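Colleague: Below is the structure I would like to discuss, written out as C-alpha cells.
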Amino acid sequence: MLISRTTLETICNYKHAASTDPTRLFLNGIYLQNEENGKLKLTATDGHVLITSTHDVTNFSEDTIQSVILSTNDIKTIEHLLKTYKLVNDFNFKLEVSKISISFADNIYYFNAIEREYPNTANIFPSSFAEIETLHLNPTFFEQLRKAVYGSRKPKLPKFKLNFAGELAPITINAKHNEVEHTALLMPIKGE
C-alpha cells in the first residue's frame, strides 16, 4: 500500500502515547490495523490514555496482513528516515506476519513487529454523551495528547471538542491537525 508522509509523521508522533512499561510489551508500540475500506488505523495507549486516527492509503492489497504492532524503538529509525529524505512524500508500506517494510526509490527498510495481541479497542468509545458538572483530569494528559498529535514540536493546542459519557466514564477528545482527525480517550480521576 502507498501511504503519505503525514501518516508516517503521525506514527512517529503517537510514540509519545505508547506505554514505556517493560512488563506490557504489547503496549510499547503503535498498533497498525488495515480497515476493510482501504484505510490504515493507528492506535497507541499507555493504559490510561488512548489515541487513534484513520488514514487513507492507495494501492491497498487484500493479501496484506490485517494488523501489527510497530515498536517505539523502530519509530526512532522512521523519524531519522523522515529527516534524511525530506523530499519524499509517498512511501510503499507493507504489513507482513512478523515485520513491516517501508520502501521508496531504491531504499527498503524492514522492522520487526512486536508479536503480541493488542487490546481490542473497537468498543471502548461510548455511544452516547451527557454533560457532567466537574471533571478531574490526569495533570499530564494534555501534554501527552499534544506530544501524540504534534510530536516534539510545541505549537499551541487547538480547541478541543469534549464529549462526556456520564460521571467517571471515559471522555473522548477530538482534534484535527494536518487534515487528520485524532481521537483520544481518557479516564477521569475520581474527584474528592
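What follows draws every value from the coordinates through simple rules; no lab data is involved. Just so it is clear, the model here is predicted, and its values are computed rather than measured. In this analysis, Cβ positions are derived from the backbone assuming ideal geometry, glycine residues included, and neighbour counts consider all displayed protein chains.
Colleague: Contour minus end-to-end for Glu115 and Glu96, with contour as 0.36 nm per residue of separation and end-to-end as the Cα-Cα distance?
Modeller: Net length gain for the segment: 5.7 nm.
Colleague: Indicate the gyration tensor shape class of the stretch 7-68 (rounded, prolate or oblate), computed on the Cα atoms with a ≥ b ≥ c the square roots of the eigenvalues: a/c under 1.5 is rounded; otherwise a/b larger than b/c is prolate and the rest oblate.
Modeller: prolate
Colleague: Could you give me the ³J(HN,Hα) list for the stretch 95-112, computed from phi with Karplus coefficients 6.51, -1.76, 1.60 and θ = phi - 60°, whole Hz, x at Gly and Pro?
Modeller: Computed from phi, the couplings for the stretch 95-112 are 9, 10, 3, 10, 8, 10, 10, 10, 9, 6, 6, 9, 9, 9, 10, 10, 10, 6 Hz.
Colleague: Oh, and also: Any idea what the dipole of the stretch 1-78 comes to, in debye rounded to 20, about its Cα centre with Lys/Arg Cβ at +1 and Asp/Glu Cβ at -1?
Modeller: Dipole about the Cα centre, nearest 20: 260 debye.
Colleague: Right, here's the next one. With 18 Å as the limit, write out which pairs from Lys41/Lys76; Lys39/Lys76; Lys99/Lys147; Lys41/Lys86; Lys39/Lys83; Lys15/Lys76 have Cα-Cα distances beyond it, or answer none.
Modeller: Lys41/Lys76; Lys39/Lys76; Lys99/Lys147; Lys41/Lys86; Lys39/Lys83
Colleague: While we're here: Within 10 Å of each residue's Cβ, count the other Cβ atoms and sort Asp56, Asp21, Asp106, Asp90 from fewest upward.
Modeller: With the sparsest Cβ surroundings first, the list reads Asp106, Asp21, Asp90, Asp56.
Colleague: I would also like to ask the following. What does the charge add up to near Ile11, with Lys and Arg as +1, Asp and Glu as -1, over the other residues with Cβ less than 15 Å from its Cβ?
Modeller: My count for the surroundings of Ile11 gives +3.
Colleague: May I ask for the net charge around Tyr118, where only other residues with Cβ less than 14 Å from the Cβ of Tyr118 are counted and Lys, Arg are +1 while Asp, Glu are -1?
Modeller: 0
Colleague: Moving on to the next point. Under a Cβ-Cβ cut-off of 12 Å, what is the net charge of the residues other than Lys99 that fall near it, where Lys and Arg count +1 and Asp and Glu count -1?
Modeller: -2
Colleague: Here is a follow-up. What is the order of His182, His80, His48, fewest Cβ neighbours within 10 Å to most?
Modeller: His80, His48, His182
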